[in-house]
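The values are calculated or read from the model by the stated rules, or taken from the named source; none is laboratory data. Keep in mind the model is a prediction, meaning the values are calculated, not measured. Because the Cβ atoms are built from the backbone with ideal geometry, glycine has one as well, and the counts that use them run over all protein chains shown.
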Amino acid sequence: MKKLLILASAAVAVIATPAMAAGEGRVEGRGALGWGGGSEDFFAGVAAGYDIDLGETAFVGPEVSYDTNFDGADLVNLGGRLGAKVGEKGKLYIAAGYEVNDIEEINAGVGYQHSFNDKVFGKVEYRRYFLNGTDLNAAGVGIGVKF
């Protein structure tokens, strides 16, 4: 219940952000392969965020995500991203976050988001999770809608 409350609160904050600044909201479905510490696992989930324009060439914004794997591990991440607009349809960014559930670790990564049209985008992303003693990696893809 605590995880659900945290996720719901963060989602409300992300969705309410458009009232404060000009930019672009997004919601996505995603999947990733995680590896490290001698094991591999597939994760799937959802994320929501809002990119605030920093002029014509840059953006920054909050993001909240929920991912799970087939073993029942639930990951709730609060974070953000900072990046550069690449051409008219691309965004190259760095991302960082903090897992707020049982694992409680920080993570950082890089990604690229490409708009297919005014509403639909795809993305690829790499994240590194800094755990106590064992670092984990994740490479993933996502598809989503902008509003």
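Might you let me know whether region 52-60 holds any residue that is in contact with an Asp or Glu (Cβ under 6 Å, 6 or more places away or on another chain), under 15 Å from Y129 (Cβ atoms) and surrounded by 14 or more Cβ atoms within 10 Å (Cβ to Cβ)?
No, there is no match, as no residue in region 52-60 is in contact with an Asp or Glu (Cβ under 6 Å, 6 or more places away or on another chain), under 15 Å from Y129 (Cβ atoms) and surrounded by 14 or more Cβ atoms within 10 Å (Cβ to Cβ).
For region 75-108, what are the residues that are among the small types (G, A, S) and either outside any strand (DSSP E or B) or touching a helix residue (DSSP H, G or I) at 6+ places or on another chain (Cβ under 9 Å) (or both)?
Scanning region 75-108 gives a single hit, G87.
I'm checking my understanding of the structure. Among residues of region 100-127 that are among the basic types (K, R) and in contact with a Gly (Cβ under 6 Å, 6 or more places away or on another chain), which one is farthest from S39 (Cα to Cα)? Don't jump to the end; show me each part of the working.
So the first thing to find is which residues in region 100-127 are among the basic types (K, R), and the list is 119, 123, 127.
Remaining after also requiring in contact with a Gly (Cβ under 6 Å, 6 or more places away or on another chain): 123, 127.
Details: K123: 25, R127: 16 Å.
Among those residues, the one meeting the criterion is K123.
So which residues in region 30-74 are aliphatic (A, V, I, L, M) and assigned to a loop (DSSP other than H, G, I, E, B)? Give the derivation first.
If we filter region 30-74 for residues that are aliphatic (A, V, I, L, M), which is where we start, we get 32-33, 44, 46-48, 52, 54, 58, 60, 64, 73.
L54, A73, listed by residue number.
Could you please let me know if V86 is touching a His at 6+ places or on another chain (Cβ under 9 Å) and modelled with pLDDT of 95 or more? Steps first, answer last, please.
On the way: touching a His at 6+ places or on another chain (Cβ under 9 Å): yes; modelled with pLDDT of 95 or more: yes.
Yes, satisfied.
Quick one: in region 103-122, of everything that is in contact (Cβ under 8 Å) with a residue 24 or more places away in the chain and among the aliphatic types (A, V, I, L, M), which residue is farthest from R81 (Cα to Cα)?
If we take residues in region 103-122 being in contact (Cβ under 8 Å) with a residue 24 or more places away in the chain and among the aliphatic types (A, V, I, L, M), then I103 is farthest from R81 (Cα to Cα).
Search region 78-90 for residues that are within 12 Å of I52 (Cα to Cα) and pair each with any residue that is of a type in the set (D, E) and surrounded by 19 or more Cβ atoms within 10 Å (Cβ to Cβ) when their beta-carbon atoms are under 6 Å apart and the residues are at least 6 apart or on different chains.
G80/E63
For region 128-143, how many residues are in contact with a Gly (Cβ under 7 Å, 6 or more places away or on another chain) and of a type outside the set (K, R)?
Here is the first cut: in region 128-143, the ones in contact with a Gly (Cβ under 7 Å, 6 or more places away or on another chain) are 128, 134-138, 140-143.
Now drop any that are not of a type outside the set (K, R), which leaves 134-138, 140-143.
Looking only at that region, the number is 9.
Restricting the search to region 109-147, which residues are of a type in the set (K, R) and over 15 Å from E63 (Cβ atoms)?
K119, R128
Determine, yes or no, whether A108 is modelled with pLDDT under 95 and of a type in the set (A, V, I, L, M).
no
Identify the single condition in (1) farther than 18 Å from T57 by Cβ; (2) of a type in the set (A, V, I, L, M, F, W, C); (3) at pLDDT 95 or above that I94 does not satisfy, given that it satisfies every other one.
Going through the list (1) farther than 18 Å from T57 by Cβ; (2) of a type in the set (A, V, I, L, M, F, W, C); (3) at pLDDT 95 or above, I94 breaks only (1).
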